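The values are calculated or read from the model by the stated rules, or taken from the named source; none is laboratory data. Fair warning: this is a prediction, and the values are worked out from it, not measured in the lab. Neighbour counts run over all protein chains shown; Cβ positions are idealised from the backbone, glycine included. For accessibility, only protein heavy atoms count, side chains too; no ligands or nucleic acids. Shrake-Rupley method; radii C 1.70, N 1.55, O 1.52, S 1.80 Å.
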Amino acid sequence: MSYKVSLRSFEGPFDLLVYLIENAQMSIYDIRISEITSQYLDYIDRMKALDFNVATEFMVLAATLIDIKAKMLLPRHTLQGQSEAEEDPRSELVERLLEYKKYKKGADILKEREELMACIYEKPQEDLSAYRKAPEEHLDLDVQKFAYAFDLFLRKKKREEEVRRHYTRVERERATIETRMVYIRDRFKKAFARGVRRLNLKELIPDKRDRYDIVVTFVSVLQMMRDKYLDAEQKTTYGDITVLLGERKMEETAENEQ
């Protein structure tokens with residue numbers, strides 16, 4: 001089987017061995033020890049040929065691989081032809097490789113965290129001793145003053161609740177579009193009785209200072225224009241809007257409401 005080994009730097013002999021196993025797509029639990037030993041020794045020879053300083057631990061692992069290879073070649077049968085239940089010579093090596101990969105993975109995670117934290121800047125600690133040494137303030141109140149202050153608090157809270165209830169009641173009683181359309185219809189009936197067929201939009205707003213009333217009136221007029229009960233005209237931009245009776249009669253609105 002042909003193989004190619006990249007002569008890159010490795011952190012140690014197990015780093016090289018893991019690389020060779022993964023590059024050959026072997027299972028770490030079923031290492032083809034003869035093939036891996038040959039690749040490992042070939043890599044060591046290449047390093048020596050390039051005058052690389054081969055560390056002692058590389059040579060120790062090479063000797064270990066050769067020893068395992070020799071044990072794998074020995075017969076595993078007794079003189080009677082029965083198989084011996086011997087431990088796999090690769091077991092210890094597999095355990096050491098698994099341990100190495102676990103620590104290497106942890107080291108890679110720590111390295112990633114280091115690179116990430118290098119991009120994070122923290123605010124330097126400030127000297128807060130001047131504030132810590134400030135004298136504590138004590139509230140000096142007798143029982144009567146404390147009771148008076150508590151009574152003021154209760155009365156204030158009661159007023160706030162009354163205002164909140166009143167505001168909620170007012171909100172619920174605000175006009176809807178339907179009630180405002182009835183109001184506009186009544187205004188036009190009274191105007192029509194006086195011979196008036198046009199009204200200024202402002203005349204249809206009960207409370208001109210309330211934005212809600214203004215919006216409800218405007219939307220109601222638009223709805224009645226859509227239903228052809230009313231029509232409107234504006235002669236100039238941002239000028240007054242004049243509202244006049246449309247094609248349909250207001251009586252039809254009353255009949256529909258009934």
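If you sort TYR229, TYR148 by accessible surface, 1.4 Å probe, largest first, the order is TYR148, TYR229.
The accessible-area ordering, largest first, of the residues LEU65, LEU154, LEU244 stands as LEU154, LEU244, LEU65, per a 1.4 angstrom probe. On the beta carbon distance between GLU233 and LYS156, with R0 = 35 Å, the FRET formula returns roughly 0.10. Annotation: lysines with alpha-carbon distance below 24 angstrom to LYS208 (same-chain offsets under eight excluded): LYS189, LYS190, LYS235. Computed from the C-beta positions of GLU22 and ILE120, the FRET efficiency with R₀ = 35 Å rounds to 0.55.
LYS208 sits with roughly 120 Å² accessible to a 1.4 Å probe, with DNA, RNA and ligands left out of the calculation.
Between SER129 and ASN200, the simple spin-label model (points 7 angstrom out along Cα→Cβ) gives 7.4 nm.
Ordered by 1.4 Å accessible area with all protein chains kept, LEU73, LEU20 run largest first as LEU73, LEU20. Partner lysines whose Cα lies under 28 Å from the Cα of LYS102, excluding those fewer than 8 positions away in the same chain, are identified as LYS4, LYS69, LYS71, LYS111.
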